[in-house]
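Visitor: First the structure, then my questions, so here it is.
The values are calculated or read from the model by the stated rules, or taken from the named source; none is laboratory data. These numbers were taken from a predicted model, which means no experiment stands behind them. Heads up, the Cβs are rebuilt from the backbone with ideal geometry, glycines too, and the neighbour counts pull from every protein chain shown. All accessible areas refer to the heavy atoms of the entire protein, side chains included, with ligands and DNA or RNA removed. Shrake-Rupley method; radii C 1.70, N 1.55, O 1.52, S 1.80 Å.
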Amino acid sequence: MCGIVGYVGPKQASNILVDGLRRMEYRGYDSAGIAIINGNGVKIRKAAGKLSALVEKLKFDTPSGTVGVGHTRWATHGAPTTPNAHPHLDQSGRIAIIHNGIIENAGTIKKALLARGHCFKSETDTEVLAHLIGEYYVDNLEEAVAGALWDVEGAYGIAVVCSEEPNTVVAARHGSPLLVGVGDGEYFVASDASAILEHTRSVVYLDDGEMVVLKRDGYRVRNLTETHLEKPVNQIEWDLATIERGGFAHFMLKEIFEQPESLTNTLRGHLLEEEGTARVRGLNLSDEELKRFDRIVITACGTSWHAGLIGEYIIEELARIPVEVEYASEFRYRNPVLDDRCLVIAISQSGETADTLAAIREGKRRGARTVGLVNVVGSTIAREVDGGLYLRAGPEIGVASTKAFNSQVAALAMVALRMARLRNLSVLHGRELIHALQALPDQIRQILDRAPDVERLAQKYHQASNILYLGRGVNFPVALEGALKLKEISYIHAEGYPAAEMKHGPIALIDQNMPVIFVAPRDAVYSKIVSNVEEVKARKGRVIALVTEGDAEIAKLAEETFPLPKTHDLLTPILASVPLQLLSYYVAVLRGCNVDQPRNLAKSVTVE
Ligand code: F6R
């Protein structure tokens, strides 16, 4: 979603801002712009479309100046046009603002401003906020921003500059992430650490309701009532190489290939082989507390929700605790039955997904303990939950989630293992699961070695207009995830179903043109899924099956098979998802799609 970057320092701001925006391109956007202050008014350059359109404009007309703000916009209020692109100016043309989020009472404020003679050039809620700040401005930008923020409702991350104060950037957050980068004689503000990582790894995470004032000689955090707040400076662990493509054609491919390492990092330090359990101290829950929970609600969106569904199977099977998996967007507006014996687990790669954040707030409000399985360190969800495990999968830049998904499943397996060992799971079974977890990185390597086979499958099927994904038990969510991955990056219509459910409807779609991908390892429901394969075959469907290595039975029925190394039944999803990720990737490339930035999608969805 939208990206914010701001700079105050000795260097030319426009280059720093554009580079920062480039680093945030992966988040998804449809226009971009910058505002530079140089003692000569506010210079704004903006363009609809990709950042390259802005860069093209800047080629012959780069405003000089060492203070400025830059933005990539993902349209909410108003179409993705140049007039709607940020930054927006106030009525006087002295104040420029960039904004992530939605100002919910913009309509009412705009009406009042119109009545007072204001004229607007865009359809955005952001321009309304710019005008409001302009009305509050007398001679102090910081106070004008604080004053205006008292009047607005909704979510925002903003950064504001003013031609009258050429050494200042003021930024504020409420519901939309923002951090301060503390450099050597230079200061940054950004919605995403990747925008400033090139310059500094020291960051201050702002909390909701906080503002920051960046000056040439330092920064000061405040809120709407207190003008000085002490905030810790955190060090970002990852470096620039982790957010670059490193020889891969796309971030998505790089991230698929990183999975042996990312999974190793997720598991590192958590597995207690001797005791056959997992160490999950980050949850901030004692064993007594873990034993007390009699119900678990997992809440998440998209791919993370699919990981949650897999977690449901694993936790119920191992720990025998009832689990419900809820779309965060539904959970937050239902009237969920929760109490202090219910554990709410939020799963999120970005840690910023608005619906998931709202769901944990709702969970807390109703007295449940909340924990997060989150990848991005310092993200809002990570900071708001009562405890949690960081996935440690490393930055995920490709919009389609891949390595984070498998790390989420592994983290869920570890939580399940701990809770199960505190109940009835034997130490032997616990160790068996641990050995299977430990074997996964090498097994993924074996699958990745077969990437050319998947590419060949992609060549064969990439012109399909529909693809059906089927699985049973713990592999049913893998079918959902396989279908989501394909549709979001290749735009082929795909559906995931429990294999047996096919005969209740989707079977009508099957003919000689319909590829049907089965996730069919030799597990407890193997014979059942063989019957489902037969049903598809009988209707001339084209069967592609992911099977356990050495399985000859399905090979006789399927047009194509792909072998998966043998693992613990409950961990098959981690292995099976890898060839499905690769398949989506190669199909999308063959169809000429923008793999890392699929249309209309954003990496972290910070609006409802
Ligand atoms: C799909 C995908 C999305 C995200 C969803 C939740 O590939 O990436 O479906 O999984 O938007 O995002 P997080 O995990 O950041 O909360």
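Visitor: In segment 219-333, which helices (runs of 4 or more DSSP H) lie fully inside it and hold 2 or more residues that are out of contact with any Gly (no Cβ under 6 Å at 6 or more places or on another chain), crowded, with 20+ Cβ neighbours inside 10 Å and touching a residue at least 12 places away in the same chain (Cβ under 8 Å)?
Guide: Hits in segment 219-333: 251-257, 259-267, 302-319, 328-331.
Visitor: When segment 336-383 is examined, which residues are found to be surrounded by fewer than 19 Cβ atoms within 10 Å (Cβ to Cβ) and either without any contact (Cβ under 8 Å) to a residue 12 or more places away in the chain or not hydrophobic (A, V, I, L, M, F, W, C) (or both)?
Guide: VAL337, ASP339, ASP340, ARG341, ARG361, LYS364, ARG365, ARG366, GLY367, GLY378, ARG383
Visitor: If a residue must be open to solvent by 40 Å² or more (accessible area, probe 1.4 Å), touching a strand residue (DSSP E or B) at 6+ places or on another chain (Cβ under 7 Å) and farther than 15 Å from GLN235 by Cβ, how many such residues does segment 192-218 contain?
Guide: Looking only at that region, the number is 3.
Visitor: Need a quick list: strands (runs of 3 or more DSSP E) entirely within segment 20-110 having at least 2 residues that are open to solvent by 10 Å² or more (accessible area, probe 1.4 Å).
Guide: In segment 20-110, 42-48, 95-103 are the strands (runs of 3 or more DSSP E) which contain 2 or more residues that are open to solvent by 10 Å² or more (accessible area, probe 1.4 Å).
Visitor: Can you find a residue that is open to solvent by 20 Å² or more (accessible area, probe 1.4 Å), under 17 Å from GLU274 (Cα atoms) and at pLDDT 95 or above anywhere in segment 437-444?
Guide: Yes, that holds for at least one residue.
Visitor: Name the single residue that is farthest from ALA413 (Cα to Cα) among those in segment 545-558 being open to solvent by less than 10 Å² (accessible area, probe 1.4 Å) and in a strand (DSSP E or B).
Guide: Going through the qualifying residues, I end up with ALA545.
Visitor: Considering only residues that are in contact with a Gly (Cβ under 9 Å, 6 or more places away or on another chain) and surrounded by fewer than 24 Cβ atoms within 10 Å (Cβ to Cβ), which ones fall in segment 157-181?
Guide: SER163, PRO166, HIS174, GLY175
Matching residues to (1) touching a Lys or Arg at 6+ places or on another chain (Cβ under 9 Å); (2) more than 14 Å from the ligand (Cβ to nearest atom):
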position	(1), (2)
LEU570	no, yes
PRO573	no, yes
ALA576	no, yes
PRO579	yes, yes
LEU590	no, yes
GLN597	yes, no
LYS603	yes, no
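Visitor: Could you tell me whether any residue of segment 312-322 is within 17 Å of LEU412 (Cα to Cα), at pLDDT 95 or above and within 16 Å of the ligand (Cβ to nearest atom)?
Guide: Checking segment 312-322: not a single residue is within 17 Å of LEU412 (Cα to Cα), at pLDDT 95 or above and within 16 Å of the ligand (Cβ to nearest atom).
Visitor: Right, another one. When the residues of segment 559-581 are filtered to those that are within 17 Å of ARG472 (Cα to Cα) and in contact with a Phe, Trp or Tyr (Cβ under 8 Å, 6 or more places away or on another chain), which remaining residue is surrounded by the most Cβ atoms within 10 Å (Cβ to Cβ)?
Guide: Checked segment 559-581; the qualifying residue surrounded by the most Cβ atoms within 10 Å (Cβ to Cβ) is SER577.
Visitor: State yes or no: is GLU396 open to solvent by 20 Å² or more (accessible area, probe 1.4 Å), within 16 Å of the ligand (Cβ to nearest atom) and charged (D, E, K, R)?
Guide: Numbers: open to solvent by 20 Å² or more (accessible area, probe 1.4 Å): no; within 16 Å of the ligand (Cβ to nearest atom): yes; charged (D, E, K, R): yes.
Against the criterion (open to solvent by 20 Å² or more (accessible area, probe 1.4 Å), within 16 Å of the ligand (Cβ to nearest atom) and charged (D, E, K, R)), GLU396 does not qualify.
Visitor: Across segment 378-392, what is the total count of residues that are in contact with an Asp or Glu (Cβ under 8 Å, 6 or more places away or on another chain) and within 13 Å of the ligand (Cβ to nearest atom)?
Guide: Of the residues in segment 378-392, 3 are in contact with an Asp or Glu (Cβ under 8 Å, 6 or more places away or on another chain) and within 13 Å of the ligand (Cβ to nearest atom).
Visitor: Also, quick follow-up: Would you check which residues across segment 400-441 are away from the ligand (no atom under 16 Å from the Cβ) and of a type in the set (Ser, Thr, Tyr) and list them?
Guide: SER426
Visitor: Of a type in the set (Asp, Glu) and closer than 14 Å to SER350 by Cα: which single residue out of GLU432, GLU396 fits that description?
Guide: Matching residue, one of GLU432, GLU396: GLU396.
Visitor: Take GLU352 and decide whether it is within 10 Å of the ligand (Cβ to nearest atom), in the same structural domain as ALA416 (by TED's automatic domain parsing), among the acidic types (Asp, Glu) and under 23 Å from SER176 (Cβ atoms).
Guide: Answer is yes for this residue.
Visitor: Only one of (1) free of Cβ contacts under 8 Å to residues at least 40 places away in the same chain; (2) open to solvent by 20 Å² or more (accessible area, probe 1.4 Å) fails for GLY147. Which number is that?
Guide: In the conditions (1) free of Cβ contacts under 8 Å to residues at least 40 places away in the same chain; (2) open to solvent by 20 Å² or more (accessible area, probe 1.4 Å), GLY147 misses (2) alone.
Visitor: Another question, then. If ALA358 passes every condition in (1) under 14 Å from THR606 (Cβ atoms); (2) near the ligand (Cβ under 9 Å from one of its atoms) but one, which one does it miss?
Guide: The one condition ALA358 does not meet is (2).
Visitor: Still on this model: Looking for something open to solvent by 10 Å² or more (accessible area, probe 1.4 Å), at pLDDT 95 or above and either in a helix (DSSP H, G or I) or not small (Gly, Ala, Ser) (or both) - is there at least one such residue anywhere in segment 410-418?
Guide: yes
Visitor: Can I ask one more? Outside the structural domain of ASP192 (by TED's automatic domain parsing), surrounded by fewer than 23 Cβ atoms within 10 Å (Cβ to Cβ) and either of a type in the set (Ser, Thr, Tyr) or more than 22 Å from LEU309 (Cβ to Cβ) (or both): which single residue out of LYS537, LYS528, LYS503 fits that description?
Guide: Result: LYS537 is the single residue among LYS537, LYS528, LYS503 that is outside the structural domain of ASP192 (by TED's automatic domain parsing), surrounded by fewer than 23 Cβ atoms within 10 Å (Cβ to Cβ) and either of a type in the set (Ser, Thr, Tyr) or more than 22 Å from LEU309 (Cβ to Cβ) (or both).
Visitor: Based on this model, can you work out whether GLY367 counts as farther than 22 Å from VAL203 by Cβ, outside the structural domain of TYR205 (by TED's automatic domain parsing) and either of a type outside the set (Asp, Glu) or within 15 Å of the ligand (Cβ to nearest atom) (or both)?
Guide: Yes: the conditions hold for GLY367.
Visitor: Kindly list, by first and then second residue, each pair from a residue in segment 472-485 that is open to solvent by 10 Å² or more (accessible area, probe 1.4 Å) to a residue that is assigned to a loop (DSSP other than H, G, I, E, B), limited to pairs with Cβ atoms under 6 Å and residues at least 6 apart or on different chains.
Guide: Close Cβ pairs (under 6 Å, with a partner that is assigned to a loop (DSSP other than H, G, I, E, B)) amount to ARG472/VAL525; GLY473/VAL525.
Visitor: Would you check which residues across segment 334-349 are away from the ligand (no atom under 16 Å from the Cβ) and not in a loop (DSSP other than H, G, I, E, B) and list them?
Guide: First pass over segment 334-349, keeping only residues away from the ligand (no atom under 16 Å from the Cβ): 334-343.
Selection gives CYS342, LEU343.
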